[in-house]
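Chemist: I'd like to ask some things about the structure below.
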Amino acid sequence: MRLSTLPILFLLMIYGSFAISQSNTGIIHGSVGTQSGVVPQGATVNLLNIKDSSLVKATIADKDGRYQFNGVPSGSYLVAITASEFTKTFSDPLELTIDKPSANVKPILLSTLVKSLNAITVTAKRSPVEQKIDRLVVNVDAAITNAGANALEVLEKSPGIAVDKDGNISLKGKDGVVVLVDGRQTYLSATDLASYLRTINASQLDQIEIMTNPPAKFDASGNSGVINIKTKKNKQVGYTGSLTVGYGQSVYPKLNDGLNFNYRKNKINLFTNIAHNFSQNSNLLSIQRNFRNKESKDILSRFEQDAESKGTSKNYNGKIGLDYFPSKNTTFGVVLSGFNSSRKGINNNLTHITDATDGEESLSTAVLDGRQKWKNIGTNINFRRVLDTLGSELTADIDYSQYNSTNNTFMVNAYFDHSGLPTLKADTLLGSLPQDIKIYSAKADYTKMLTKGGRFEAGLKASYVKTNNDAAYDSISYGKSVHDFNRSNYFIYEENINAAYANLNQPINKKWGAQLGLRLENTMAKGTQMTTGEKFDRNYTQLFPTAFVQYQFDKKNTYVLNYGRRIRRPDYQSLNPFINFVDRYTYSKGNPNLKPQFSHNLELSHAYQSFLTTTINYSLTSDIIQNVLQQDEVKSETYITKENIAKQRQLGISFNTNIPVTKWWRSNIYANFYNNKYDGRVNDTSISMSATSFQLNGSQQFDFAKTWSVELSGFFRSGGVEGVLQTKPMGVMSFGISKQVLKNAGTIRLNTRDIFYTQRFRAVSKYGNVDAAFQERQDSRTVTLGFTYRFSKGKENNAPKRRSSGSSDEQNRVGG
């Protein structure tokens with residue numbers, strides 16, 4: 001299939017319907033909780049006429065348990081609340097009159113519905129994508145084509161998210177997104193974050209929260225927003241769990257398996273999940289480079305490079321935690337987590353070198369044998385105290401995390417003339433690049449629930465990070481190892497961030513609501529190159545305001561205007577001036593002179609009922625951090641580094657539809673159109689680049705014969721501008737089918753990803769004397785067969801939900 005036909009397939013899935021809006025009068029609002037002090041998620045709130053119990057209005061309580069009915073005529077009413085695994089509960093009678101057009105319902109506390117869970121029950125299916133006021137939520141299990149996938153692949157097909165060939169994750173066409181796992185950072189650079197996410201099986205995931213403009217409670221990091229990956233947790237007295245196994249076949253085989261388990265009795269809750277992943281992958285990379293004279297821009301030589309690699313990875317990750325409930329309002333918890341990842345691969349490079357007239361001059365070969373191991377262990381200690389029946393609470397977290405890696409490379413380069421005869425002696429380079437990272441973090445948060453649905457939040461946080469990087473390179477000369485002082489380096493980086501925030505969320509009247517927040521962050525950073533003695537110190541304090549204004553036009557139409565200022569600090573490894581080789585002529589290196597980038601983000605959203613959300617966004621970013629190409633015409637070398645290259649302006653509009661077409665057909669389509677413009681300087685050359693791009697994500701799900709489901713999903717990204725790269729279109733279509741078995745305790749899923757084998761990265765980069773083109777293809781077409789078995793015994797108990805830990809700002813910035 002031609003790639004250009006993919007947008008047509010998506011457009012054939014898009015449709016919508018609109019209705020006439022209507023206005024009403026009074027307002028009723030309140031909140032729902034439980035006897036244990038926990039907010040039930042997804043509670044249904046019905047407004048009933050007291051005379052005949054007929055339904056007047058219905059809504060869903062938000063994540064904090066608040067609800068509100070607008071435009072209610074004068075009369076007598078009851079509020080009835082139902083939630084899964086809780087008894088149905090009614091309010092006291094309410095009266096609305098012309099003189100009293102609003103009513104604040106006394107908080108309603110639900111009691112646990114005790115029932116046997118010896119038999120597996122089937123719950124209502126969630127939509128693959130849910131649009132909420134401040135975030136987009138992806139329900140991972142709701143998509144059949146996630147079977148056998150890993151967390152990175154689930155992200156790649158999520159609305160507005162793009163992953164490039166190096167694992168860099170962008171959101172709505174902007175780099176600098178922060179990725180959290182259960183509210184905690186991973187402290188990894190783009191490449192190693194991608195590797196880590198590949199170790200997490202989709203079966204371990206519950207939801208993905210996508211927030212383009214998070215409130216002040218969240219760390220200010222993340223130029224384009226925050227992505228929070230939530231793993232599965234259970235709240236059951238007794239035990240419950242699931243076991244997943246899967247086998248995938250592309251060019252090479254892939255295996256994944258995992259176990260989730262939860263046990264609760266009396267005041268103790270024990271939970272764990274473990275996963276294993278094995279995969280073999282192949283990759284084809286082609287690069288065409290024209291080396292030009294800096295002044296005349298005439299071509300001096302041409303390089304055509306073809307690299308074929310095969311890699312193997314083995315990954316294990318796990319988590320075990322314990323919650324203790326001394327009372328219904330108090331929770332103490334501890335969590336231990338970690339992963340062990342090993343990767344090895346062989347990369348074979350062949351480079352043809354010609355002169356300006358394409359006459360064959362020479363060729364070179366390079367064989368790169370790389371072996372890397374990553375180990376991580378983390379500890380979290382947490383506390384939560386519910387202070388009143390409204391849900392006010394005090395929480396605290398202390399975190400410690402340590403990463404250790406070894407990265408050993410063995411590279412042999414050989415040189416030949418146009419007839420294949422050796423021209424130079426082959427050279428050998430050995431590299432050892434260990435890295436150690438230690439992270440300490442602590443935070444405390446206070447939430448006060450106010451009357452009329454308001455909420456005040458305040459908190460403090462402190463973190464300290466130290467990275468120790470030692471790169472040693474040796475050359476082999478006449479059978480002896482000789483230390484390479486020019487390429488070797490020893491770099492230490494330390495960073496301390498202290499933060500405080502306050503946030504107020506308050507309804508103004510029956511139609512208007514507002515949320516205002518302010519975050520203060522002080523950063524003290526110090527870097528030392530031990531080899532050369534060079535040092536840098538940076539100390540800066542910044543304010544990060546956020547503001548949300550909501551207008552409820554009527555029961556069907558809601559408008560939200562929000563603003564936020566954010567920061568993107570350089571990845572730890574991006575500051576590290578080490579060299580990583582691809583071959584003799586191609587490598588990457590860090591830049592210790594990188595500065596943070598700052599952005600102003602403004603969004604206006606309109607939600608029509610629950611099926612269509614339209615968002616217009618504008619952002620302006622200064623000192624944007626981007627990959628750039630540098631060339632040495634004399635040595636014919638090209639290397640990639642990061643620099644603060646320019647300011648970026650983006651203007652965009654997105655649409656998200658979530659429509660139940662029929663009882664057996666559910667449709668979700670996300671479309672994002674945006675224009676990126678860059679102005680700045682690279683390699684002493686002024687650049688001004690702009691392009692209009694669009695992204696499409698969609699899924700169509702069909703249920704039939706009660707236990708069968710089918711899904712067609714995919715994404716398409718048009719060409720665009722990413723810093724100094726001009727990218728070409730790319731898209732993927734996937735198909736999946738599932739069957740419930742073993743009395744609905746088991747699920748078999750068959751999934752084919754990238755059916756038409758169209759996931760191919762292509763880009764060009766032309767500025768100054770840089771002139772290069774790239775094409776890369778991985779073995780992305782994969783057929784996966786997976787099986788999940790669920791087991792359970794006990795009764796439901798809505799224990800206090802786990803929160804994000806203290807390390808929520810630093811963990812996305814580690815690695816190499």
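The values are calculated or read from the model by the stated rules, or taken from the named source; none is laboratory data. This is a predicted model, so every value here is computed, not measured. Glycine gets a Cβ as well: all are built from the backbone with ideal geometry, and neighbour counts include every protein chain shown. Areas reflect the complete protein model, heavy atoms only, side chains present, ligands, DNA and RNA absent. Shrake-Rupley method; radii C 1.70, N 1.55, O 1.52, S 1.80 Å.
Chemist: If you take just the strands (runs of 3 or more DSSP E) that sit entirely in region 194-287, which of them hold at least 1 residues that are β-branched (Val, Ile, Thr)?
Modeler: Of the strands (runs of 3 or more DSSP E) lying wholly inside region 194-287, those with at least 1 residues that are β-branched (Val, Ile, Thr) span 205-211, 226-231, 236-249.
Chemist: Suppose we keep only residues that are without any contact (Cβ under 8 Å) to a residue 40 or more places away in the chain and open to solvent by less than 70 Å² (accessible area, probe 1.4 Å) within region 63-88. Which one would you say is farthest from Thr34 (Cα to Cα)?
Modeler: Residue satisfying both the conditions and the ranking: Gly75.
Chemist: Now a separate question. Suppose we keep only residues that are hydroxyl-bearing (Ser, Thr, Tyr) and more than 25 Å from Arg66 (Cβ to Cβ) within region 359-400. Which one would you say is least open to solvent (accessible area, probe 1.4 Å)?
Modeler: Among residues in region 359-400 that are hydroxyl-bearing (Ser, Thr, Tyr) and more than 25 Å from Arg66 (Cβ to Cβ), the one least open to solvent (accessible area, probe 1.4 Å) is Ser364.
Chemist: Residue by residue through region 413-434, note down the ones that are among the hydrophobic types (A, V, I, L, M, F, W, C), farther than 10 Å from Ser475 by Cα and within 44 Å of the chain's Cα centre (by Cα).
Modeler: Matches in region 413-434: Ala414, Ala426, Leu433.
Chemist: Which one of these is open to solvent by 10 Å² or more (accessible area, probe 1.4 Å), in contact (Cβ under 8 Å) with a residue 12 or more places away in the chain and within 21 Å of the chain's Cα centre (by Cα): Phe673, Phe702?
Modeler: That would be Phe673, the only listed residue that is open to solvent by 10 Å² or more (accessible area, probe 1.4 Å), in contact (Cβ under 8 Å) with a residue 12 or more places away in the chain and within 21 Å of the chain's Cα centre (by Cα).
Chemist: Taking the condition in a strand (DSSP E or B), open to solvent by 70 Å² or more (accessible area, probe 1.4 Å) and over 30 Å from His29 (Cβ atoms), does Lys438 pass?
Modeler: yes
Chemist: On to the next question. Can you pull out the residues in region 393-419 that are at pLDDT 90 or above and not in a strand (DSSP E or B)?
Modeler: None - no residue of region 393-419 is at pLDDT 90 or above and not in a strand (DSSP E or B), so the list stays empty.
Chemist: Continuing with this model, one more query. Being buried (at least 17 other Cβ atoms within 10 Å of the Cβ) and part of a strand (DSSP E or B) is the requirement here; does Gly459 meet it?
Modeler: When the stated conditions are applied, Gly459 passes them.
Chemist: Can we say Ser619 is in contact with a Leu (Cβ under 9 Å, 6 or more places away or on another chain), part of a strand (DSSP E or B) and either open to solvent by less than 10 Å² (accessible area, probe 1.4 Å) or among the β-branched types (Val, Ile, Thr) (or both)?
Modeler: Spelling it out, Ser619 is indeed in contact with a Leu (Cβ under 9 Å, 6 or more places away or on another chain), part of a strand (DSSP E or B) and either open to solvent by less than 10 Å² (accessible area, probe 1.4 Å) or among the β-branched types (Val, Ile, Thr) (or both).
Chemist: So, in region 420-435, of the ones that are among the aliphatic types (A, V, I, L, M) and under 19 Å from Ile579 (Cβ atoms), which residue ends up surrounded by the most Cβ atoms within 10 Å (Cβ to Cβ)?
Modeler: Filtering first and then ranking leaves Leu433.
Chemist: Output yes when any residue across region 617-628 is closer than 20 Å to Gly720 by Cα, hydrophobic (A, V, I, L, M, F, W, C) and in contact with a Phe, Trp or Tyr (Cβ under 6 Å, 6 or more places away or on another chain), and no when none is.
Modeler: No; the residues of region 617-628 include none that is closer than 20 Å to Gly720 by Cα, hydrophobic (A, V, I, L, M, F, W, C) and in contact with a Phe, Trp or Tyr (Cβ under 6 Å, 6 or more places away or on another chain).
Chemist: Hey, another quick one. Please go through region 597-639 and give me each residue that is touching a Ser or Thr at 6+ places or on another chain (Cβ under 8 Å) and on the phi > 0 side of the Ramachandran plot, ordered by number.
Modeler: Ser636
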